[in-house]
């Protein structure tokens, strides 16, 4: 017995199968429709492209033709301007006819249209000779043509005419009349007879290959044609009007194309293959997507870990490409210079944190670094500028950035802020100076105490003898005993004065505790001994120390310790003079050979405010100083030391500002 639900189930299955087939049929219709549309669009695109190419060739041909006709007018002007008699004119015209195949005849008429000379081309059958009175045998005669040209004040063309030839043949010609003027006065006319076939021959073969080119009237009447288009199912036409004065003419190009017989089959196979490839690519993309997600998750974790490490560093990190542009900075570097990351990334020379007065030196140093000439991983001391303009010292370590394939892509810099270290060094230096000053004061106090103790007794004796002598001298004169006593007192005073001198010499030798000795010393060694102390003070003041000591300078004969103290004292005075001066602050230490090559000149120059005339008058006076904490003995002692070496300490103003101190030392040997 059949269940009543069986027909209903079969009907449902049938409906489901019909729907599936309907969907597949719809999909097939969509694919076929898309293929047909694609073929139709491709065919239309090919037709449009062919027409566009033909229009471009037609425009190029018209441009070439206009240029050649304009050049012909120039040649005709030259012929009329350089030949004044008929024989000379005929010779020049014959030469032009050999060069221009498009001309059949050239005629020269005077202002009254009387024929002066005529020349025919050797490449064409001769035309009928023109009558000498200027009348011609065709409707558009030379008189009307030249009259029109005279009114226009320029060349004019006559409408084309047919010239019959033997055997029922012929060709279309076009005549041109060019008025010849000398100033405002009309001298005559030059008439050139063009053959249209010759004008078509002016076009390059690249524009006529595989297609025909010709001239037609404005109404479409064909006048001349060259070339035959390739056989095809469809002919394409491009036309452009050549606006010749008095006789406009149409340039016509014809081309054809083949039917795309194989194109639809190839397209179908291509679309089918692309569909299969698309499905395969989708499957592979699904697998790659899962692997990519896992890799991206791991990469995100690694990047987060690296960023956390970089953000926790107190060392500034800066990355640059091979052209010097900043590509990365970490937060520590941004906090160090006071600029945000977006203000620095992409910046090149000069970067915002370079001091303006040092930008040129930094740019040269960066060029050397990017060229690979500087050693890598070697610390370089420098000075950076914060956004508020304050300067601070830094120590830079740079290393190349190398990719996994070994390609050099840039440089990574580690920047250390040296402000705290410099402050500690400055405090240490100040402490040492205070200790040295205290030691010197203690030495001075010890010497004063020793001298006062040792000199007290001879001075007391001298005072006693002097008082006794004064008392003896108040007695009456002539007493021999009195004179003897006075003589004895004076000898005792002299003896005690000598003893006091010996005390002073012995105390001086005790304080100095060394013997002076001179030796041959290289000038560079003298500067190197004081340069660390000078540079330390220069960094504090934001000044630059420039040392210029040639390597080939001879050694000098001097006491090294005393000359080093002179150079140090002069350099410190120069740096202190630049403390309130505007930037740039430059201290120049220089040594150079003297004119006679017997001495070496030492120069210490600063860019401070200079020395006034009042100060210069007592500059070397002991205990004279312009400093709040100075003793006024530095320059006086420097002058004494230089004079002991047989020279003189001189000073003079420097342009534009500053002071220059100089002295010389003899060459050793």
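The values are calculated or read from the model by the stated rules, or taken from the named source; none is laboratory data. Keep in mind that this is a model prediction, so the values were computed, not measured. We place every Cβ from the backbone using ideal geometry, glycine too, and count neighbours over all the protein chains shown.
Side notes on the structure shown:
- Filter result for residue 203 (in contact with a helix residue (DSSP H, G or I) (Cβ under 6 Å, 6 or more places away or on another chain), in a loop (DSSP other than H, G, I, E, B) and over 21 Å from residue 91 (Cα atoms)): yes
- The listed residue being assigned by TED's automatic domain parsing to the domain that holds residue 391 and more than 18 Å from residue 394 (Cα to Cα), out of 353, 328: 328
- Among the candidates 395, 435, the residue that is modelled with pLDDT of 85 or more and either under 22 Å from residue 543 (Cβ atoms) or assigned to a helix (DSSP H, G or I) (or both) is uniquely 395.
- Filter result (in a loop (DSSP other than H, G, I, E, B) and within 15 Å of residue 654 (Cα to Cα)) within segment 569-589: 578, 581, 584, 585
- From the list 604, 566, the one residue that fits, being touching a helix residue (DSSP H, G or I) at 6+ places or on another chain (Cβ under 9 Å), closer than 15 Å to residue 664 by Cα and not in a helix (DSSP H, G or I), is 604.
- Residue check for residue 641: surrounded by 15 or more Cβ atoms within 10 Å (Cβ to Cβ), modelled with pLDDT under 85 and assigned by TED's automatic domain parsing to the domain that holds residue 587: yes
- Take the conditions (1) surrounded by fewer than 17 Cβ atoms within 10 Å (Cβ to Cβ); (2) in contact with a strand residue (DSSP E or B) (Cβ under 6 Å, 6 or more places away or on another chain); (3) in a loop (DSSP other than H, G, I, E, B); residue 353 misses just one of them, which is (1).
- Within segment 197-221, considering residues that are in contact (Cβ under 8 Å) with a residue 40 or more places away in the chain and under 19 Å from residue 127 (Cβ atoms), the one surrounded by the most Cβ atoms within 10 Å (Cβ to Cβ): 199
Table: residues versus (1) modelled with pLDDT of 85 or more; (2) under 27 Å from residue 250 (Cβ atoms); (3) in a loop (DSSP other than H, G, I, E, B); (4) not assigned by TED's automatic domain parsing to the domain that holds residue 166.
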position: 84; (1), (2), (3), (4): no, no, yes, no
position: 119; (1), (2), (3), (4): yes, no, no, no
position: 122; (1), (2), (3), (4): yes, no, yes, no
position: 136; (1), (2), (3), (4): no, yes, yes, no
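- Test: residue 248 is surrounded by 10 or more Cβ atoms within 10 Å (Cβ to Cβ), assigned by TED's automatic domain parsing to the domain that holds residue 194 and modelled with pLDDT under 80: no
Table: residues versus (1) surrounded by 14 or more Cβ atoms within 10 Å (Cβ to Cβ); (2) at pLDDT 85 or above; (3) in a helix (DSSP H, G or I).
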| site | (1), (2), (3) |
| --- | --- |
| 485 | yes, no, yes |
| 500 | yes, no, yes |
| 507 | yes, no, yes |
| 514 | no, no, no |
| 524 | yes, yes, yes |
| 546 | no, yes, no |
| 550 | no, yes, no |
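- Residue match in segment 87-103 (condition: closer than 25 Å to residue 144 by Cα and outside any helix (DSSP H, G or I)): yes
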